[in-house]
Amino acid sequence: MSGVTMTMAQAINTALREAMAADESVVVFGEDVGALGGVFRVTDGLAATFGEQRCFDTPLAESGIVGMAVGMAMNGMRPVVEMQFDAFAYPAFEQITSHVAKMASRTRGRVRLPMVIRIPYAGGIGGVEHHCDSSEAYYAHTPGLTVLVPATGADAHGLLRAAIHSPDPVIFLEPKKHYFTKEEVDVTAPVPPVGRAVVRRAGRDATLIAYGPSVSVALAAAEQAADEGRDLGVVDIRSIVPFDDETVAATVRATGRAVVVAEAPGFASVASEIVARVTERCFHHLEAPVRRVTGFDIPYPPPKLERHHLPGVDRVLATVDELQWDAS
């Protein structure tokens, strides 16, 4: 089967089914992932297909969920756990930073943790605080974790398969606003390499660098810019850790201008790190300072204000205009 039209949620479900069918050590658990199939129905039908021993519900105790996964991974299993919502993962943060990220280093590689922590994350659904956080910087700042952020159904399918196959822990951030976006997914395609960005659109005038839910915003901005006579490229990071400096730097050197687009607040963010890395590697090629378009440095706002908080096409293009002015 290839070239099947499905939502991102279905693509993730398909990846989980494939991994569970291929390897009995793969288990899926978390809050409401069993009979209900998850809040977003991402795990729909897995308990019925594979039984309650391999896809099951847990108490509302995120620290316990991750702690149990650590024990399972230490003993030969490959747990895939769901945090239900981004900010719900914070009670498990001590487990993640103290044990998940450090076990391999602590044991000098003798104990590896092949586990995946799935986190529906970011905004765009009209949710309230604790349901729309962009928490990628916390995980990216923690050595020992791989941090993946798909922007398409195809990458959600492929990168999740890669995450489950990994011998080390992976934080898998799923942009919830794209869960029900339909696209064609080739489920027979090779598993994409971890740590590789992809150029979604080539351009001559400036490069938009984005990941996860912001990739669609960057592409929409590039489309509108084309109507106005500007040629913008778009790079989809896909993997925050490890980071693909080679692809990003090569693209920016070709255009001389860059804007990073991300939903998270800008201060001490992944966007800040990308700006620093691009500036260090492309300084003599830059025609203007590297800019950011991010969420504001505030707690996530009420739903009526969400569209003002999240980076949009107008804010991106206004920032691109500033690049043109800086370069004049």
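The values are calculated or read from the model by the stated rules, or taken from the named source; none is laboratory data. Here the structure is a predicted model, which means the values were calculated and not measured. Note that we place each Cβ from the backbone using ideal geometry, even for glycine, and neighbour counts take in every protein chain shown.
Among the aliphatic types (A, V, I, L, M) and farther than 25 Å from Thr181 by Cβ - does that describe any residue in segment 215-233? No: segment 215-233 contains no residue that is among the aliphatic types (A, V, I, L, M) and farther than 25 Å from Thr181 by Cβ. In the set (1) surrounded by 23 or more Cβ atoms within 10 Å (Cβ to Cβ); (2) within 23 Å of Thr43 (Cα to Cα), Asp168 fails one condition alone, (1). When Lys102 is tested against (1) buried (at least 19 other Cβ atoms within 10 Å of the Cβ); (2) in contact with a Gly (Cβ under 6 Å, 6 or more places away or on another chain), only condition (1) is not met.
Taking residues in segment 91-112 that are in contact (Cβ under 8 Å) with a residue 40 or more places away in the chain, and partners anywhere that are loosely packed, with under 15 Cβ neighbours inside 10 Å and not hydrophobic (A, V, I, L, M, F, W, C), the pairs with Cβ atoms closer than 7 Å and at least 6 places apart or on different chains are Ala101/Pro143; Arg112/Pro167.
Within segment 194-207, is there a residue that is surrounded by fewer than 23 Cβ atoms within 10 Å (Cβ to Cβ) and among the polar types (S, T, N, Q)?
Start the filter on segment 194-207 by keeping residues that are surrounded by fewer than 23 Cβ atoms within 10 Å (Cβ to Cβ), which leaves 194-205.
Checking the rest, the ones that are also among the polar types (S, T, N, Q) come to none.
Within segment 194-207 (the criterion being surrounded by fewer than 23 Cβ atoms within 10 Å (Cβ to Cβ) and among the polar types (S, T, N, Q)), the answer is no, since none of the residues qualifies.
Within segment 310-328, is there a residue that is under 22 Å from Thr146 (Cβ atoms) and in a loop (DSSP other than H, G, I, E, B)? Spell out the reasoning first.
Going residue by residue through segment 310-328, those that are under 22 Å from Thr146 (Cβ atoms) are none.
Checked segment 310-328: no residue is under 22 Å from Thr146 (Cβ atoms) and in a loop (DSSP other than H, G, I, E, B).
Within segment 37-50, is there a residue that is farther than 26 Å from His178 by Cβ and in contact (Cβ under 8 Å) with a residue 24 or more places away in the chain? Even if it seems obvious, please write down each step before you answer.
Going through segment 37-50, the residues farther than 26 Å from His178 by Cβ turn out to be none.
So far as segment 37-50 goes, no, none of its residues is farther than 26 Å from His178 by Cβ and in contact (Cβ under 8 Å) with a residue 24 or more places away in the chain.
Reported count of residues in segment 120-137, each being surrounded by fewer than 24 Cβ atoms within 10 Å (Cβ to Cβ) and either assigned by TED's automatic domain parsing to the domain that holds Ser214 or among the hydrophobic types (A, V, I, L, M, F, W, C) (or both), is 3.
Scanning segment 138-164 for residues that are assigned to a loop (DSSP other than H, G, I, E, B) and surrounded by 21 or more Cβ atoms within 10 Å (Cβ to Cβ) yields Leu145, Val149, Pro150, Ala151, Thr152.
Only one of the listed residues (Pro120, Pro114) is over 18 Å from the mean Cα position of the chain (by Cα) and under 12 Å from Ile171 (Cα atoms). That residue is Pro114. One residue stands out among those in segment 226-241 that are within 16 Å of the chain's Cα centre (by Cα) and touching a residue at least 60 places away in the same chain (Cβ under 8 Å): the one that is surrounded by the fewest Cβ atoms within 10 Å (Cβ to Cβ), which is Val241. Consider Ala21 carefully, then state whether it is assigned by TED's automatic domain parsing to the domain that holds Glu62, of a type outside the set (Val, Ile, Thr) and either in contact (Cβ under 8 Å) with a residue 40 or more places away in the chain or under 13 Å from Ala156 (Cβ atoms) (or both). Answer is no for this residue. Restricting Ala264, Ala268 to those that are buried (at least 17 other Cβ atoms within 10 Å of the Cβ) and in contact (Cβ under 8 Å) with a residue 12 or more places away in the chain reduces the list to Ala264.
Here is the figure for segment 271-282: residues that are under 15 Å from Leu323 (Cα atoms) and surrounded by fewer than 16 Cβ atoms within 10 Å (Cβ to Cβ) total 1.
Regarding Arg307, is this residue without any contact (Cβ under 8 Å) to a residue 60 or more places away in the chain and under 22 Å from Glu129 (Cβ atoms)? So that I can check it myself, show each step before the final result.
Details: without any contact (Cβ under 8 Å) to a residue 60 or more places away in the chain: yes; under 22 Å from Glu129 (Cβ atoms): yes.
It is true that Arg307 is without any contact (Cβ under 8 Å) to a residue 60 or more places away in the chain and under 22 Å from Glu129 (Cβ atoms).
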